[in-house]
Amino acid sequence: MRKENDRMVVFNGYDQAGLDRAYNNSAKVPNVGDITDGWAKRSAEAVKYLSCDLDVAYGPHPRQCLDVFPTAKRGAPVLVFIHGGYWHSRDKSLVHFLAPLYVAAEVNFVAIGYRLCPEVSVADIVADIAAGLRWLASAAVDFGGDPARIFVAGHSAGGHLAATMCGPKGVPELLAGGCSISGLHDLVPIQHSYLNETLAMDPATARDLSPIQHLLDAGPPPLNLPPQVFAVGDKEGPEYLRQRDDIVAALRAANQPVLTVELADRDHFTALSAAAEPAHPLAEAILRLIFAPPPRSLPKS
C-alpha cells in the first residue's frame, strides 16, 4: 500500500474502494438475479430431460462429487465444467444448463463440485479439483468417456481452477485442453480486496495460487501444456481484461498453444451464457478445442 495523489493505493493504481468495485461483479450487473434465475430454470430442465447421474462421489465430503450427463456415443470426449462463486458460494448445479449443447454434440458433460471457503482454503479447493480429475481419469470409461480426451473449463473462480489444472502446478498430463471464461489468474488483487475477508489468503498464498505466477516460475525448460481458450466479456472491466491478457502473454512467451475469444457486449454473467449458445464464437471455440485441438507444443518461430 502506498500513497499516490492523496490516495492510498492498494493495487495497480486502485484505492481500496476502486479495487473492490473492480471485482464486485454482482454490483456491476443490475439484472444478475434474472440471469442466474434463468440458468437455474434451464439447469432444472436439463436434469429433467437428459440422462444424468448426480452426486457421484470422488471424495468423502458432500461437496466432493460430480454430476455426469453422458452422451450416447461410447468413447466420447469429456468436458468437465467448474462453477464460479469466488470460491465461497454457489454449487455445481449452476452450470447444468450448459449440458444440452455439449451432450448433443456427443460430448460427455460433467459438472464438478468442491468444498467452499471459509470451511476450507483456496488451496484445498485446488486440491479438490485435482482429486476429482484424477478420479474421473480412472472412471471415465464407466460412463462411456474417453480418459485420453478430458477437457476442463470453468467460469470466474472456476476459470482460475481450470487454468490452474492446465498449468505446471495442476494435472496437465490428464487433460487434452482447457477453457477459462472470465477467470481469475492473478490472485494478488483478490487478496487485497473485500473478498479476502472470506478467503483469508496471505500475500504469499495469493501469489502461490496464481496461474500466471506458475507460468513465470516455470522458467526456461520447455513446457508441454494442453491448449487453452480464454474469454472475457468486453463489459467486465479493465482488471478482468488484464487478467486474461497477462496469462495469455505468459503462455505465448512459453510457446504454449492458446486462443482468445472476444465476447462483444457481454458482462461477467452473460459471458458464461455464451458457452451454451450454439452459434456463439465461444461455444464454437470450445467444440473446436474438443474435436480439433491444436498440438500441445507449438513449433519454434
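Suppose the filter is touching an Asp or Glu at 6+ places or on another chain (Cβ under 7 Å) and over 15 Å from Pro100 (Cα atoms); does Tyr23 pass it?
Details: touching an Asp or Glu at 6+ places or on another chain (Cβ under 7 Å): yes; over 15 Å from Pro100 (Cα atoms): yes.
Yes: the conditions hold for Tyr23.
Can you pull out the residues in the stretch 96-120 that are over 30 Å from Asp202 (Cα atoms) and aliphatic (A, V, I, L, M)? Write out each step before concluding.
Keep residues of the stretch 96-120 that are over 30 Å from Asp202 (Cα atoms), which gives 96-110.
Of everything in the stretch 96-120, those that are over 30 Å from Asp202 (Cα atoms) and aliphatic (A, V, I, L, M) turn out to be Leu98, Ala99, Leu101, Val103, Ala104, Ala105, Val107, Val110.
Regarding Pro226, is this residue without any contact (Cβ under 8 Å) to a residue 24 or more places away in the chain and either in contact with a strand residue (DSSP E or B) (Cβ under 9 Å, 6 or more places away or on another chain) or in a loop (DSSP other than H, G, I, E, B) (or both)? Give the derivation first.
Values: without any contact (Cβ under 8 Å) to a residue 24 or more places away in the chain: no; either in contact with a strand residue (DSSP E or B) (Cβ under 9 Å, 6 or more places away or on another chain) or in a loop (DSSP other than H, G, I, E, B) (or both): yes.
Here the answer is no, as Pro226 does not meet what is asked.
Considering each of Leu241, Leu287 in turn, give the residue that is within 23 Å of Asn31 (Cα to Cα), at pLDDT 95 or above and outside any loop (DSSP other than H, G, I, E, B). Let's see the steps before the verdict.
On the way: Leu287 fails: within 23 Å of Asn31 (Cα to Cα).
None of the other options fit; the residue is Leu241.
Please go through the stretch 251-279 and pick out each residue that is of a type outside the set (Gly, Ala, Ser) and part of a loop (DSSP other than H, G, I, E, B). Walk me through it before giving the result.
From the stretch 251-279, those of a type outside the set (Gly, Ala, Ser) are 251-252, 255-263, 265-270, 272, 277-278; that's our starting set.
Within the stretch 251-279, Asn255, Gln256, Pro257, Asp265, Arg266, Asp267, His268, Phe269, Glu277, Pro278 qualify.
When you go through (1) at pLDDT 95 or above; (2) within 23 Å of Arg288 (Cα to Cα) one by one for His214, which number turns out not to apply?
Checking His214 against (1) at pLDDT 95 or above; (2) within 23 Å of Arg288 (Cα to Cα), the one that fails is (2).
Take the conditions under 30 Å from Asp202 (Cβ atoms) and modelled with pLDDT of 95 or more and apply them to Gly154. Does it pass?
Working: under 30 Å from Asp202 (Cβ atoms): yes; modelled with pLDDT of 95 or more: yes.
Taking the combined requirement at face value, the residue satisfies it.
How many residues does the stretch 30-49 contain that are out of contact with any helix residue (DSSP H, G or I) (no Cβ under 7 Å at 6 or more places or on another chain) and modelled with pLDDT of 95 or more? Before the answer, list the steps.
Taking the stretch 30-49 as the starting set, the residues that turn out to be out of contact with any helix residue (DSSP H, G or I) (no Cβ under 7 Å at 6 or more places or on another chain) are 30-31, 33-34, 36-38, 40-41, 44-45, 48-49.
Still in the list and also modelled with pLDDT of 95 or more: 31, 33-34, 36-38, 40-41, 44-45, 48-49.
Selection size over the stretch 30-49: 12.
How about the stretch 168-204: which of its residues are among the aliphatic types (A, V, I, L, M) and either out of contact with any Phe, Trp or Tyr (no Cβ under 9 Å at 6 or more places or on another chain) or part of a helix (DSSP H, G or I) (or both)? Don't jump to the end; show me each part of the working.
At the first step, the residues of the stretch 168-204 found to be among the aliphatic types (A, V, I, L, M) are 171, 174-176, 181, 184, 187-188, 190, 195, 199-201, 204.
Val171, Leu174, Leu187, Val188, Ile190, Leu199, Ala200, Met201, Ala204 - these are the residues of the stretch 168-204 that are among the aliphatic types (A, V, I, L, M) and either out of contact with any Phe, Trp or Tyr (no Cβ under 9 Å at 6 or more places or on another chain) or part of a helix (DSSP H, G or I) (or both).
Name, by its number, the condition in (1) part of a helix (DSSP H, G or I); (2) touching a residue at least 40 places away in the same chain (Cβ under 8 Å); (3) closer than 22 Å to Val126 by Cα; (4) under 17 Å from the mean Cα position of the chain (by Cα) that does not hold for Val248.
(2)
State yes or no: is Leu79 modelled with pLDDT of 95 or more, touching a helix residue (DSSP H, G or I) at 6+ places or on another chain (Cβ under 6 Å) and under 29 Å from Ala130 (Cα atoms)?
Values: modelled with pLDDT of 95 or more: yes; touching a helix residue (DSSP H, G or I) at 6+ places or on another chain (Cβ under 6 Å): yes; under 29 Å from Ala130 (Cα atoms): yes.
Judged against the criteria, Leu79 is a match.
Residues of the stretch 89-98 being assigned to a loop (DSSP other than H, G, I, E, B) and either surrounded by 17 or more Cβ atoms within 10 Å (Cβ to Cβ) or at positive phi (or both), which ones? Spell out how you get there, then give the answer.
Looking only at the stretch 89-98, we keep the residues that are assigned to a loop (DSSP other than H, G, I, E, B), and these are 89-91.
Across the stretch 89-98, the qualifying residue is only Arg90.
Between a residue in the stretch 117-129 that is on the phi > 0 side of the Ramachandran plot and any residue that is surrounded by fewer than 23 Cβ atoms within 10 Å (Cβ to Cβ) and polar (S, T, N, Q), which pairs come within a Cβ distance under 7 Å, given they are 6 or more apart or on different chains?
Qualifying pairs under 7 Å: none.
Per-residue answers, yes or no, for (1) surrounded by 16 or more Cβ atoms within 10 Å (Cβ to Cβ); (2) of a type in the set (A, V, I, L, M, F, W, C); (3) closer than 30 Å to Met8 by Cβ; (4) without any contact (Cβ under 8 Å) to a residue 60 or more places away in the chain:
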site	(1), (2), (3), (4)
Leu19	yes, yes, yes, no
Ala22	yes, yes, yes, no
Ser26	no, no, yes, yes
Asn31	no, no, no, yes
Ala44	no, yes, no, yes
Ser51	no, no, no, yes
Tyr58	yes, no, no, no
Gln64	yes, no, no, no
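So, in the stretch 260-301, of the ones that are among the small types (Gly, Ala, Ser) and exposed (fewer than 12 other Cβ atoms within 10 Å of the Cβ), which residue ends up nearest to Ile150 (Cα to Cα)?
First pass over the stretch 260-301, keeping only residues among the small types (Gly, Ala, Ser): 264, 271, 273-276, 279, 283, 285, 292, 297, 301.
Checking the rest, the ones that are also exposed (fewer than 12 other Cβ atoms within 10 Å of the Cβ) come to 264, 279, 292, 301.
Values: Ala264: 28, Ala279: 23, Ala292: 13, Ser301: 29 Å.
Looking at the filtered set, the residue picked out is Ala292.
For the stretch 226-257, give me each residue that is surrounded by 22 or more Cβ atoms within 10 Å (Cβ to Cβ) and among the small types (Gly, Ala, Ser).
Hits for the stretch 226-257 are Ala231, Gly233.
If a residue has to be crowded, with 22+ Cβ neighbours inside 10 Å and part of a loop (DSSP other than H, G, I, E, B) to count, how many in the stretch 205-223 make the cut?
Residues meeting the conditions: 2.
The values are calculated or read from the model by the stated rules, or taken from the named source; none is laboratory data. Being a predicted model, the structure only gives us computed values, none of them experimental. FYI the Cβ positions are ideal-geometry reconstructions off the backbone, even for glycines, and counts take in every protein chain you see.
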